[in-house]
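*Asks:* This structure is in structure tokens; I'll ask about it shortly.
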Amino acid sequence: MLLLALDTATPAVTVALHDGDDVIASSSQVDARRHGELLLPAIDRVLDEAGLKMGAVTGIVVGIGPGPYTGLRVGLMTADTFGLALGVPVHGVCTLDGLAYAADLEGPFVVATDARRKEVYWARYADSRTRLTDPAVDRPADIAGQVAGLPAVGAGALLYPETFPRAHEPEHVSAAALARLAAERLAAGEELPAPRPLYLRRPDAQVPKNYKVVTPK
């Protein structure tokens, strides 16, 4: 097995290769505005580091968010394209689950990423492998009662210490964590989610409500 894992749901453009035993190469760069420019070179870089060609990949793992529309679709479209070209399965993994797995915390905790607009994408976890709630997007003040007293990880938690006073790293998801989590679940015979985006809200760019359609006479 050789899994290519990637995620662009957060400002991190992150890629990793997992050979069935562990991660053998990885790359992560933080740049919220250059997902499209950085992802393919990162894939080439991890393949070169591992001394492998793209044709050796037997499966794709992609973070499905939640995340902003523009960044998230870069990773998902790339994963779908490679999966189709190689004829290999494409597996989705919730980006928040990858952060929770990397945090490796015991007991209940929260994962929160930056959703912009003064909001966070978040979910509660029983442990690093078990999510208790569906991913949601909210203003931190509106969920303060639900997360009170719980440790928290992720950029969203670090941005709002008044709501998440026990926040700490990891700040962004890593493809290495996604790959390890996906490999663990696949080895256990679990079915992973389809590679479909968790946007949770409409994209920032929308057609104006009073847009006038002009038709030829």
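*Asks:* One residue is enough: does region 41-57 have a residue meeting the conditions assigned to a loop (DSSP other than H, G, I, E, B), more than 15 Å from residue 177 (Cβ to Cβ) and in contact (Cβ under 8 Å) with a residue 40 or more places away in the chain?
*Replies:* Keep residues of region 41-57 that are assigned to a loop (DSSP other than H, G, I, E, B), which gives 51-53, 57.
Next, only the ones that are more than 15 Å from residue 177 (Cβ to Cβ) stay: 51-53, 57.
Now narrow it down to the ones that are in contact (Cβ under 8 Å) with a residue 40 or more places away in the chain: 52, 57.
Within region 41-57, one or more residues are assigned to a loop (DSSP other than H, G, I, E, B), more than 15 Å from residue 177 (Cβ to Cβ) and in contact (Cβ under 8 Å) with a residue 40 or more places away in the chain.
*Asks:* Next up: Could you check residue 149 against (1) open to solvent by 80 Å² or more (accessible area, probe 1.4 Å); (2) modelled with pLDDT under 95 and say which number it fails?
*Replies:* (1)
*Asks:* For region 7-30, which residues satisfy the criterion of being polar (S, T, N, Q) and either open to solvent by 40 Å² or more (accessible area, probe 1.4 Å) or within 13 Å of the chain's Cα centre (by Cα) (or both)? Please lay out each step first, then the result.
*Replies:* Initially, region 7-30 is screened for residues polar (S, T, N, Q), giving 8, 10, 14, 26-29.
Those that are polar (S, T, N, Q) and either open to solvent by 40 Å² or more (accessible area, probe 1.4 Å) or within 13 Å of the chain's Cα centre (by Cα) (or both): 8, 10, 14, 26, 28, 29.
*Asks:* If only one of 16, 32 is within 16 Å of residue 178 (Cβ to Cβ) and among the small types (Gly, Ala, Ser), which one is it? So that I can check it myself, show each step before the final result.
*Replies:* Working: 32 fails: within 16 Å of residue 178 (Cβ to Cβ).
Result: 16 is the single residue among 16, 32 that is within 16 Å of residue 178 (Cβ to Cβ) and among the small types (Gly, Ala, Ser).
*Asks:* Give region 42-87 a look and list any residue that's at pLDDT 95 or above, of a type in the set (Val, Ile, Thr) and either surrounded by fewer than 16 Cβ atoms within 10 Å (Cβ to Cβ) or closer than 24 Å to residue 112 by Cβ (or both), or say none.
*Replies:* 58, 61, 62, 64, 74, 81
*Asks:* Kindly indicate the residue of region 136-176 that is touching a residue at least 24 places away in the same chain (Cβ under 8 Å) and of a type in the set (Ser, Thr, Tyr) and also nearest to residue 79 (Cα to Cα) among those meeting that condition.
*Replies:* The selected residue is 174.
*Asks:* Moving on to the next point. Which one of these does residue 133 not meet: (1) open to solvent by 10 Å² or more (accessible area, probe 1.4 Å); (2) closer than 22 Å to residue 174 by Cβ; (3) free of Cβ contacts under 8 Å to residues at least 60 places away in the same chain; (4) out of contact with any helix residue (DSSP H, G or I) (no Cβ under 7 Å at 6 or more places or on another chain)?
*Replies:* (2)
*Asks:* Where the second residue is open to solvent by 10 Å² or more (accessible area, probe 1.4 Å) and of a type in the set (Gly, Ala, Ser) and the first is farther than 10 Å from residue 3 by Cα and touching a residue at least 24 places away in the same chain (Cβ under 8 Å) and lies in region 177-189, which pairs have Cβ atoms under 7 Å and are six or more apart or on separate chains?
*Replies:* 177/102
*Asks:* So residue 33 passes all but one of these: (1) in a loop (DSSP other than H, G, I, E, B); (2) open to solvent by 60 Å² or more (accessible area, probe 1.4 Å); (3) over 18 Å from residue 8 (Cβ atoms). Which condition number does it fail?
*Replies:* All conditions are met except number (3).
The values are calculated or read from the model by the stated rules, or taken from the named source; none is laboratory data. The structure presented is a predicted model; accordingly, all values stated were derived computationally and were not measured. With ideal geometry, Cβ positions are generated from the backbone for all residues, glycine too; neighbour counts draw on all protein chains shown. Just the protein is used for accessible areas: all its heavy atoms, side chains included, with ligands, DNA and RNA removed. Shrake-Rupley method; radii C 1.70, N 1.55, O 1.52, S 1.80 Å.
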